[in-house]
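Chemist: Dropping a structure here in structure tokens format, bear with me for questions.
No lab work stands behind these numbers, since they all come straight from the coordinates. Note that the structure is a prediction, hence the values are computed from the model and not measured. Please note: Cβ atoms are built from the backbone with ideal geometry, for glycine as well, and neighbour counts cover all protein chains shown.
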Amino acid sequence: MVTVTIWGSLRDATDGAAEVEVNASTFIEVLNALKANYPGLTAQIDRGVSMSIDGLIYKDSWFTPVRPDSEVVLMPLMVGG
Amino acid sequence: MQYIAPATAKEAASLLHASTGIARVLAGGTDLLVQMKAGMIEPDLIVDIKKIKGMKDITPEAGGFRIGAAVSGTELGDHAGVCALWPGVVEAFELIGSTQVQGRCTMAGNLCNASPAGDAVPAMVAANAIARIVGPDGERDCPVQDIPVSPGKTSLKKGEFITSILLPARPKGSADAYLRFIPRTEMDIAVCSAGVSLTLAADGTCTAARVSLGAVAATVLLVEDAAKAIIGTKLDDASVAKLEAACSAACKPITDKRGTIEFRTEVAGVLARRATRIAQSRAGERT
Amino acid sequence: MALDEYSKREFTVVGTRPVRQDGIDKVTGRAQYGADFSLPGMLHAVALRSPHAHARIKSIDTSAALALPGVKAIVTSADFATNHDVQSVQDHCLARDKAMYDGHAVAAVAATSAAVARKALKLIKVDYEILPHVTDIETSMKPGAPIVQEGRRGRKVPAHYSDNATGFCEFGHGDIEAGFAKADLIVERTFKTSSTHQGYVEPHACLASVGNDGRADLWCCTQGHFQVRNLCSKMLNMDQSALRVTASEIGGGFGGKTTVFIEPVALLLSQKTGRPVKMVMTRDEVFKASGPTVASMTDVKIGMTKDGRITAGYAHIRYEGGAWPSDTIYPGAQCAFASYDLEAVKSQGVNFLTNRPLQAAYRAPGSPQSTYAVESVVDELCQILGLDPIDARLKNAAKKGTKSSYGPTYDEIGLIPLLEAAKAHPHYSAPLGPNQGRGISNGFWFNFGGETAVSLAIDFDGSVTLVEGNPDIGGSRAAMSMMAAEELGIPYEKVRTIVADTASLGHNEVTHGSRVTFAVGLATIKAARAAKVEMCRRAAMVWGIPAEAVEWENGAARAMGHNAGEHEPMTIEQIGANSSKTGGPIVGHHETMAEGAGVSFGVHICDLHVDPETGYTTVLRYTVLQDAGKAIHPDYVEGQMQGGAVQGIGWALNEEYIYGKDGRLQNAGFLDYRIPVASDLPKIDTVILEIPNPGHPYGVRGVGETGIVPPLAAISNAVSHAIGVRMSELPMSPQRILHAIHSKG
């Protein structure tokens, strides 16, 4: 299981939980599991999200490995100037 | 659109007089061409006066200088005689625009653009400069302060244009100064401004003064109360404070994107005080 | 170890300061910018723009304009495809049902000359129904405000806001109420910033040419021509491959050229006329109808102990981003407290609609506004508690292992070394005179990676052509040439880097997010390594030895193995010359979704003088300290740091969008939209720290954006100290400062 940190305004989709556990070993598996377990997150995930895995921010990269002890933080998709 | 560059002032005046559409005089073009590019004006006739004899001349006259209507900021700034006699007028004129604009812009144009914020105008008003006007009825002279009547409007009649500006002679112990306030250091338009011209006796007593303000009313103001506050004094702090108060009292500004009524009223007084001190210091070197 | 991971090494080309290869073209006028492209038979296009801030378009009658000799076509939004995922961008290009702001394009004319096109504009009759408008955030958020777009209210928006609130976000961790309870002092304030424009010198310009077969070419100034292609092809319902976009040289972008404004319109007109169409914005149009950054109103509350430990931080950020929803609240809320190691922190963002142009990215979008509010309150806490503002920041600074305010735990970051360097810098201890003040601020920005593709060819004479797909806005061609030269062991002058069109490479993400030197650099290094492997293989074939026995060093293949035998090194020139005979052209290429961009911090110190009688501010001394990872070309790193500071100085002191009661923009030009001129500025000192990014082979971090984050608070804090009044609204124009001075009585 991997612990995923959910940002504040999405927590109404996780019954208020700031951290949720999902069964996943890659970036895409994390997203799929989140959508399956917490359908309220689907709209945001489909709009686009980034993910911080052990401190590095990934925009996409479905097959980036996620270990059970990885720090995984869901983040909004970002633009820069 | 018709462009004509006549050889004589008389011909220019007839062309302007005969025009049925929108006619404009072109000297430096630093206002006119910008307005045309921005689509603010589409003239039917442009009369370029730069080919008229004398328009680029600076001529000594009765202890003062006659400045041709097409003399640029750079040319005036290069003239040692004018710089020595009327440093405040030169410093005001040289504040207009950029180095490139300085190569083209003219005092007469700045005057006829009739913006209350034109930098050369308050300094010319303080200097009691006289504009020479040519029109269909011949030539006449008019004090600079009577040329602008409201923003964008002058007292010139149809067919009239300015051919030169006379900066008059002045006694020993005289000097002038001009300050403007802009939020930057250059390339900007005065939020408010002040010109001060004064004469000091050998003992430092102010014997004559003219104080003008820009961008605080529909036209440049000549503030006689401010001059009265310092004439006959040795420019002690109390007298100069009276000058400052008289200037603020004379302001009738508007609030717009460049400044509020309160700011303009207050800072115009500050600038007048500071310009007085600069003029005093310059004059002191000449008594 | 993977090749893209950092390893410490010595450099020969990287870190030097060669002349940029595009420099001479730019100073001699040979470089081609957006408006410099022309084609035979070309038409000129201009847009008709709404004079109203908010109006329903009941009808548009173009018949009289079309009858004017020389007019070839007129387009309106009806000519576009609709209902796709870039609808709001398209509606911003040409108004659909409503004109949403003063300057919103409602139609465009193509004619044989720009003069004829402008004349035609006056003949187009638009029947407007004028609607109530709102242009400022404070009015927009209140119940009862005119609603800019119905049905856009965000689901999670707090109930007390009007229906102009389109989005809400929240980040943070810990119990802030418990944190505030532990504080010895709590400061709570509201801060406002105006919207500011990126202020690029080159207006938007493009040339579109659509062929009779539907295939099209577009030349334009943009930060991302692949993005232009993707947006325009959707709006025109074309295959992406049918549209080839070539990026011109670019006269500044700063985020504002990451989207499209006139390009789809020019394409439509070209499609309709069968002729090339050129469209160039005026400066007035750039201000009115491209994208400035968001205006903001932010509440911040921070608690601190007497000895300077922050016990809790809270920010409630409200951004106004024009007439369509924007997501800039996200980075705004994420970045607000990112410089701090906090037990309890919460930041919220709410976006509001107004009748203004849709905001576009502007250098670290969203971060300067929220950082300004937080760094101002930190400064005030230090002032009241008598603490040194750098010591207090050091006490709370984020470091490796800190759980950031936006979630992830930091790896190696440079904030503490930056603060220590700032404290030790002579600037920080220099004496101040009367009416002078000193301000400091931290700043943080994410950096991005993204889709990147490059190709690197070894030419027959051993010179190298590097093809990349990101418009060069800060000297990146020079930086790429340097990294290729470093990797290949050849002189910088032997590498020419060009920015290719969209038909020549795979997709490249926009030049934004401080990504190019990091991501394109990474791909360049990998492409060069691929070319080296191939060159070693060719040499091995010539020598008749195994490829494993050949290594690349100093621009030549060398036989290095035990049984390799004695061979003179084979230079890149020799290998290039023989390439046809040894297997054909040698090209290294690399395509990637670059990840692992390291975050970046900056610390700024500002000294200034305020004239107490006029409120006029003179910036006397300014020092920027920033972590660059590794500075490939230090001149251009310093340039980014200085440029960010200068834009921040303008933002803090004079830049603002001024709307009248009629909802029209009053200062759509550089005369009254006051960016600093050169004489307004001191020399901006720079200190580059190099804390390598573990995710890049040379340790590069993005440097482009962070520099604009700290100036707002650094300058505001300095003004506050100089005049003895805490400032809380930007710009700090002379009249606002004079008013503040009077208010202290």
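Chemist: Evaluate E = 1/(1 + (r/R0)^6) for C:Ala530 and A:Asp12, where r is the Cβ-Cβ distance and R0 equals 60 Å; express this FRET efficiency to the nearest 0.05. Don't skip to the end; give the middle numbers.
Modeler: On the way: r = 48 Å, r/R0 = 0.80.
According to the calculation, E is roughly 0.80.
Chemist: To continue, here is another question. Output the direction-averaged projected area (hull surface divided by four) of the convex hull of the alpha-carbon atoms of segment C:339-403, in nm².
Modeler: Values: hull surface 25.7 nm².
About 6.4 nm², averaged over all directions.
Chemist: When Lys and Arg each count +1 and Asp and Glu each count -1, what net charge do the other residues less than 13 Å away from C:Ser405, Cβ to Cβ, add up to?
Modeler: On the way: positive: C:Lys346, C:Lys403; negative: C:Glu170, C:Asp341, C:Glu343.
Here the count lands on -1.
Chemist: For the protein assembly as shown, I need the span (max minus min coordinate) of the C-alpha atoms along each principal axis, in Å, sorted largest to smallest.
Modeler: 101, 73, 69 Å, listed from the longest principal axis down.
Chemist: Could I ask something else about it? Under a Cβ-Cβ cut-off of 10 Å, what is the net charge of the residues other than C:Arg356 that fall near it, where Lys and Arg count +1 and Asp and Glu count -1? All intermediate terms of the calculation are to be shown ahead of the outcome.
Modeler: On the way: positive: C:Lys288; negative: C:Asp102, C:Asp136, C:Glu320.
Summing Lys/Arg as +1 and Asp/Glu as -1 gives -2.
Chemist: Excluding C:Val116 itself, calculate the net charge of residues whose Cβ lies under 12 Å from the Cβ of C:Val116, where each Lys or Arg counts +1 and each Asp or Glu counts -1. Before the final figure, lay out the partial values.
Modeler: Details: positive: C:Lys72, C:Arg118, C:Lys119, C:Lys122; negative: none.
Its environment carries a net charge of +4.
Chemist: Taking other Cβ within 10 Å of each residue's Cβ, how do B:Ser14, C:Ser140, C:Ser370, C:Ser579 sort, fewest first? Kindly include the intermediate steps, with their values, before the conclusion.
Modeler: Numbers: B:Ser14 16, C:Ser140 25, C:Ser370 31, C:Ser579 21.
So the ranking, lowest neighbour count to highest, is B:Ser14, C:Ser579, C:Ser140, C:Ser370.
Chemist: With both partners inside segment B:1-137, how many of the DSSP beta bridges are antiparallel, as a percent to the nearest 5?
Modeler: Beta bridges within segment B:1-137, antiparallel portion: roughly 40 percent.
Chemist: Then there's this: Normalised by the residues of chain C, what does the relative contact order come to in percent, with Cα pairs under 8 Å and at least six apart?
Modeler: On the way: 1996 pairs, mean separation 117.2, N = 745.
Result for chain C is 16 percent.
Chemist: I need the trypsin sites (Lys or Arg not before Pro) found in segment C:118-218, filtered to DSSP loop residues with at most 12 other beta carbons within 10 Å of theirs. Each step should come with its number before you reach the end.
Modeler: Values: sites: C:Arg118, C:Lys119, C:Lys122, C:Lys125, C:Arg152, C:Arg153, C:Arg155, C:Lys156, C:Lys182, C:Arg189, C:Lys192, C:Arg215; in loops: C:Lys122, C:Arg152, C:Arg153, C:Arg155, C:Lys156, C:Lys182, C:Arg215.
Qualifying residues, ordered by number: C:Lys122, C:Arg155.
Chemist: Please grab the % of Cα pairs in segment B:174-284 that end up more than 18 Å from each other. Could the numbers behind the result be given before it?
Modeler: Numbers: 2579 of 6105 pairs.
Roughly 42 percent, once rounded to a whole number.
Chemist: Under unit Cβ charges (Lys, Arg +1; Asp, Glu -1), what dipole magnitude, rounded to 20 debye, does the protein assembly as shown have relative to its Cα centre? Each step should come with its number before you reach the end.
Modeler: Values: 105 positive and 119 negative charges, 575 e Å.
Result for the protein assembly as shown is approximately 2760 debye, rounded to the nearest 20.
Chemist: Once Rh is set to the Kirkwood radius over Cα pairs, what Stokes-Einstein translational diffusion coefficient, in µm²/s, holds for segment C:534-688 at a temperature of 37 °C and a viscosity of 0.692 mPa s?
Modeler: 153
Chemist: Right, another one. Check each of the GluC sites (Glu not before Pro) in segment C:147-237 and keep only those in coil by DSSP with at most 11 other C-beta atoms within 10 angstrom; list them in order. Could you put the intermediate results ahead of the total?
Modeler: Values: sites: C:Glu150, C:Glu170, C:Glu177, C:Glu188; in loops: C:Glu150.
Here the GluC sites (Glu not before Pro) that fit, given the DSSP loop and packing criteria, are C:Glu150.
Chemist: Something else now. Which percent of Cα pairs goes in each bin when the distances of chain B are cut into 5 angstrom slices starting at zero?
Modeler: P(r) over chain B, rounded to whole percents: 1, 6, 13, 17, 18, 16, 13, 8, 5, 2, 1, 0.
Chemist: Oh, and also: Among the listed pairs B:Lys53/B:Lys252; C:Lys142/C:Lys288; C:Lys156/C:Lys630; A:Lys59/C:Lys26; C:Lys182/C:Lys399, which have their C-alpha atoms separated by more than 30 angstrom in this model? Write out the running numbers ahead of the final one.
Modeler: Working: B:Lys53/B:Lys252 41 Å; C:Lys142/C:Lys288 25 Å; C:Lys156/C:Lys630 42 Å; A:Lys59/C:Lys26 35 Å; C:Lys182/C:Lys399 23 Å.
From the list (B:Lys53/B:Lys252; C:Lys142/C:Lys288; C:Lys156/C:Lys630; A:Lys59/C:Lys26; C:Lys182/C:Lys399), the Cα-Cα distance tops 30 Å for B:Lys53/B:Lys252; C:Lys156/C:Lys630; A:Lys59/C:Lys26.
Chemist: Share of antiparallel DSSP beta bridges in chain B, in percent to the nearest 5? Provide the component values of the computation, followed by the final result.
Modeler: Working: 41 of 48 bridges.
About 85 percent, rounded to the nearest 5.
Chemist: Starting from the Cα gyration tensor of chain C, take the square roots of the eigenvalues, sort them a ≥ b ≥ c, and report rounded, prolate or oblate (rounded when a/c is under 1.5, otherwise prolate if a/b is larger than b/c, else oblate).
Modeler: On the way: a/c = 1.97, a/b = 1.11, b/c = 1.78.
It is oblate, given that a/c is not under 1.5 and a/b is not larger than b/c.
Chemist: Report the normalised scattering of segment C:475-518 as log10 I(q)/I(0) at q = 0.16, 0.17, 0.24 Å⁻¹, calculated by the Debye formula with identical scatterers on the alpha carbons.
Modeler: Normalising to I(0) and taking log10 leaves -0.50, -0.56, -0.93.
Chemist: Now for a different question. With viscosity set to 1.002 mPa s and temperature to 20 °C, compute the Stokes-Einstein D of chain A, Rh being the Kirkwood radius across alpha carbon pairs; µm²/s, no decimals.
Modeler: On the way: Rh = 12.4 Å.
The estimated diffusion coefficient comes to 172 µm²/s.
Chemist: Give the Rg (one decimal place) followed by the Dmax (whole number) of segment C:79-187, computed from C-alpha coordinates and expressed in Å.
Modeler: According to the Cα coordinates of segment C:79-187, Rg and Dmax are 21.9, 72 Å.
Chemist: Using a 10 Å cut-off around each Cβ, can you sort C:Thr371, C:Thr258, A:Thr3 from fewest to most neighbouring Cβ atoms? All intermediate terms of the calculation are to be shown ahead of the outcome.
Modeler: On the way: C:Thr371 30, C:Thr258 24, A:Thr3 14.
By the 10 Å Cβ count, ascending, the order reads A:Thr3, C:Thr258, C:Thr371.
Chemist: Please list, by residue number, every one of the GluC sites (Glu not before Pro) in segment C:552-586 that is coil in DSSP and has at most 13 other beta-carbon atoms within 10 Å. Mind showing how you got there, number by number?
Modeler: Values: sites: C:Glu553, C:Glu566, C:Glu573; in loops: C:Glu566.
Within segment C:552-586, the qualifying GluC sites (Glu not before Pro) (loop, at most 13 other Cβ atoms within 10 Å) are C:Glu566.
Chemist: What average count of beta carbons from other chains do you get within 10 Å of the Cβ of residues in C:646-655? Please report the intermediate quantities before stating the final value.
Modeler: Details: counts 0, 0, 0, 0, 1, 0, 0, 2, 4, 0.
Per residue, the average neighbour count from other chains is 1.
Chemist: Which residues in segment A:3-36 place their backbone N less than 20 Å from a point set 7 Å from the Cα of A:Phe63 along the Cα-to-Cβ direction?
Modeler: Those under the cut-off are A:24-33.
Chemist: Averaged across the residues of C:732-743, what count of C-beta atoms belonging to other chains lies within 10 Å of each residue's C-beta? Don't skip to the answer; put the middle values down first.
Modeler: On the way: counts 0, 6, 7, 11, 2, 0, 6, 3, 0, 0, 2, 0.
Other-chain Cβ atoms within 10 Å of each residue's Cβ, averaged: 3.
Chemist: By DSSP, what percent of the beta bridges with both residues in segment C:148-275 are antiparallel, rounded to the nearest 5? Before the final figure, lay out the partial values.
Modeler: Values: 5 of 10 bridges.
So the antiparallel bridges amount to about 50 percent of the total.
Chemist: Quick one: what are the phi-derived ³J(HN,Hα) couplings along segment A:52-59, Karplus 6.51/-1.76/1.60 with θ = phi - 60°, whole Hz, x for glycine and proline?
Modeler: Computed from phi, the couplings for segment A:52-59 are 8, 10, 6, x, 9, 8, 10, 7 Hz.
Chemist: Which helices count as membrane-span-like in chain C under these terms: full DSSP H, at least 30 Å along the axis by C-alpha, Kyte-Doolittle mean of -1.0 or more?
Modeler: In chain C, the long hydrophobic H runs are C:521-543.
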